[in-house]
Amino acid sequence: MKTTREEAKEESHDEVVKNLNELLEKNYDAEKGFKKALENVKNPSLRKFFKKQVVIRNRFKTEIEKELHDLNAHPKLKDGYETGVIHRVWIDLKTAFSGNDDEAVLEECLRGEKASAKEYEEKLNKGHFPPRVRTLLTSQLHEIKNTISSVKRLEDIADD
């Protein structure tokens, strides 16, 4: 029989693992979204930007997977959250109707990155992460916010 303290520790561990798995899934979706965006843009600078974002999200996934393994947990992957699947379909539709307009792709990427930042912020505000994990997620959130700023600048260039 477990003590109250052991039960609380186990619940906290399970919550950390659940939150990390959800962020892992979000990063799988983001990586797929950036790959889809890469397929739909023509501008060489945008292609370079999206390739870089694919690499960054792949690194995020690897970092989160390592933390899960360090917690003696395993990544639980689905085929993407419903919103992630919808997001990739939205990019397809938007590019189909806009004639593969780079600005439309950037708008959708901006929306996706804002959603990622919001999810990270919610997890960091509500979750009880070990300090090392909190530092990692805060760093990833900072990079996502930098991506948001970059996409906004690229949108301004695409407007010209």
Can you find, within the stretch 60-84, the residue that is surrounded by the fewest Cβ atoms within 10 Å (Cβ to Cβ) among those that are at pLDDT 95 or above and touching an Asp or Glu at 6+ places or on another chain (Cβ under 9 Å)? LYS61
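Take TYR120 and tell me if it is aromatic (Phe, Trp, Tyr), within 12 Å of the chain's Cα centre (by Cα), surrounded by 13 or more Cβ atoms within 10 Å (Cβ to Cβ) and at pLDDT below 90. Even if it seems obvious, please write down each step before you answer.
Values: aromatic (Phe, Trp, Tyr): yes; within 12 Å of the chain's Cα centre (by Cα): yes; surrounded by 13 or more Cβ atoms within 10 Å (Cβ to Cβ): yes; at pLDDT below 90: no.
No.
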Filter result for the condition that a residue is surrounded by 13 or more Cβ atoms within 10 Å (Cβ to Cβ) and either more than 21 Å from the chain's Cα centre (by Cα) or at pLDDT 90 or above (or both), over GLU6, GLU11, GLU31: GLU31
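Can you tell me how many residues within the stretch 41-73 are farther than 14 Å from ASN21 by Cα, part of a helix (DSSP H, G or I), touching a residue at least 12 places away in the same chain (Cβ under 8 Å) and of a type in the set (D, E, K, R)? Talk me through it step by step, then tell me what you get.
Quick first cut of the stretch 41-73, residues farther than 14 Å from ASN21 by Cα only: 41-59.
So of that shortlist, the ones also part of a helix (DSSP H, G or I) come out as 44-59.
Then keep just the ones that are touching a residue at least 12 places away in the same chain (Cβ under 8 Å); that gives 45-46, 49-51, 53-54, 56-58.
Next cut, of a type in the set (D, E, K, R) only: 51, 57.
Matching residues across the stretch 41-73 total 2.
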Could you check, for the stretch 35-43, whether at least one of its residues is surrounded by 20 or more Cβ atoms within 10 Å (Cβ to Cβ) and more than 19 Å from GLU103 (Cβ to Cβ)? no
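The values are calculated or read from the model by the stated rules, or taken from the named source; none is laboratory data. Everything numeric in this text was worked out from a predicted model, so none of it was measured. When we count neighbours, we look across all protein chains shown, and the Cβ atoms used for this are built from the backbone with ideal geometry, even at glycine.
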